[in-house]
Amino acid sequence: MCQKNLSQKISKRYCLVALLCFGSLLGNAQNLSDTEQQIIEQVNSNTAESIAFLEETVNINSGTMNPSGVQKIGKLYQRFLEDLGFTTRWVDMPESMNRGGHLIAEMKGNKGKSLLLLGHMDTVFEEDSPFQRWERRDTIAYGPGTNDMKGGNMVMLYSLKALKEAGQLEGRQITVVLHGDEENPGRPTDISRKDIIELAKKSDVALAYEPGTGFRYATTARRSSSGWTLEVEGVQAHSASVFSDHVGSGAIYETARILHNFHEKLREENLTYNASLIVGGSDAKLNASGIAGHAEGKTNLVSDIAIVKGDLRTISNEQLDRTRRKMEAIVAENLPKTEAKITFNDGYPAMAETPGNREILRQFSRVSTDLGSVEVEAYDPNLRGAGDIAFIADYIDCLDGLGVEGGGAHSVKEYVVLTTISEVTQRSALLIYRLTDPKLAQD
């Protein structure tokens, strides 16, 4: 299917959804207070401006490994938030990380719940990517970050702008965190995620604006993402001696045993463990990046080395710990004359499902239906990756997936559906308003 026809197909599908929702909205206005209707009017009046703002941000390269680009777009967001009355600060990362830093903006108040709003400024598209510019085709716009997640940042900011213009922002306790390295967090994460964890401990609810997954869904749980490396050694000898008492099975047979047992013995709900790269033989090594390697050997030699790298995704940190212990036990049951060890590297923790997260989802669903749209359900955590909100999920109630509707994230076909921006922002603005209004937060 050509790109033009694809754009038309996407556009027609989302236009139909938007028209149906608009028709329902007219019949459900009685579910909104006068103040809420004023907020909605402000969202609608700002839609064209919000799209132009998104275009401006998309045309600034802010690949994770382009710190100056991250800082450039950060200044744009910083001015926007300061114009709304937020106090802002830029948090630099150590020079050794090669990361652009983070933007934090705070508004002090005591109305309702204290909110922490999360986004990220970086994209996966670095300066050498061919995918650099905004391109609008009818009601679809393509470009780096349109969906993940400059689009989500725009929804967040224009939700706050609508509240400001409706006279409903002042007095609310809201903190905005925009990371500059979500797509590839600076290590160690106890430094690069230190600020967000400290802020979460002072807040009641976190809302994250990662891409939406359809109007019917929001994210109450996200799986962890971490890595593992398996290193196996055997005795190198002539192949005629394989399985003998003095040579044993060799490194490759031992690696096969371990991976087979992973495949058969670890499976459980919401758990995946992928072996993604393997090298082995009489000589094998990985390069410095860890994503490529070299191996050599002869058919008449018993292999003496093998290396495997993979990832591990779990629904909870308890599941992660349990699975790691099982993997270690399997690795320890060596075939004759072989040795093996497995090491783990932490990435993103899990955002586990909690009653608190479900309650925020319930309130978001109420917002959606009061706007004449659909009820909102929890999205299957197995269908989306890890995210920054997981670093604070143990401290605070969370809801994610409040960003724009679109698709193609992390690809040169990344897009946003422009006809849905107004409704997405309406739902976000009213959720923020209700959570920070002491009379509405528990309805």
Complete set of residues in region 90-143 that are within 21 Å of the chain's Cα centre (by Cα), aromatic (F, W, Y) and outside any loop (DSSP other than H, G, I, E, B): Y142
Selection from region 78-131 of residues that are over 13 Å from L160 (Cα atoms), in contact (Cβ under 8 Å) with a residue 60 or more places away in the chain and either of a type in the set (D, E) or touching a Cys at 6+ places or on another chain (Cβ under 8 Å) (or both): D122, E126, E127
When residues of region 388-408 are limited to those that are small (G, A, S) and in contact with a Gly (Cβ under 9 Å, 6 or more places away or on another chain), the one farthest from L431 (Cα to Cα): G406
Criterion: without any contact (Cβ under 8 Å) to a residue 40 or more places away in the chain and either of a type in the set (F, W, Y) or on the phi < 0 side of the Ramachandran plot (or both) - qualifying residue of R322, R358: R322
Meets criteria (among the polar types (S, T, N, Q) and closer than 30 Å to N357 by Cβ) for T219: yes
Qualifying positions in region 199-229 - crowded, with 24+ Cβ neighbours inside 10 Å and out of contact with any strand residue (DSSP E or B) (no Cβ under 7 Å at 6 or more places or on another chain): G212
Residue ID - nearest to E182 (Cα to Cα), chosen from residues in region 52-64 that are surrounded by fewer than 17 Cβ atoms within 10 Å (Cβ to Cβ) and of a type outside the set (D, E, K, R): N59
Matching residues in region 287-311 - criterion: being basic (K, R) and more than 38 Å from the chain's Cα centre (by Cα): K298
Odd one out for I196 among (1) buried (at least 21 other Cβ atoms within 10 Å of the Cβ); (2) assigned to a loop (DSSP other than H, G, I, E, B); (3) of a type outside the set (F, W, Y): (2)
Answer residue from region 136-158, given it is polar (S, T, N, Q) and in contact with a helix residue (DSSP H, G or I) (Cβ under 8 Å, 6 or more places away or on another chain) and is surrounded by the most Cβ atoms within 10 Å (Cβ to Cβ) among those: T146
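None of the figures in this text is laboratory data; all of them are computed from the coordinates on show. Computed from a predicted model, the values in this text were never measured in an experiment. With ideal geometry, Cβ positions are generated from the backbone for all residues, glycine too; neighbour counts draw on all protein chains shown.
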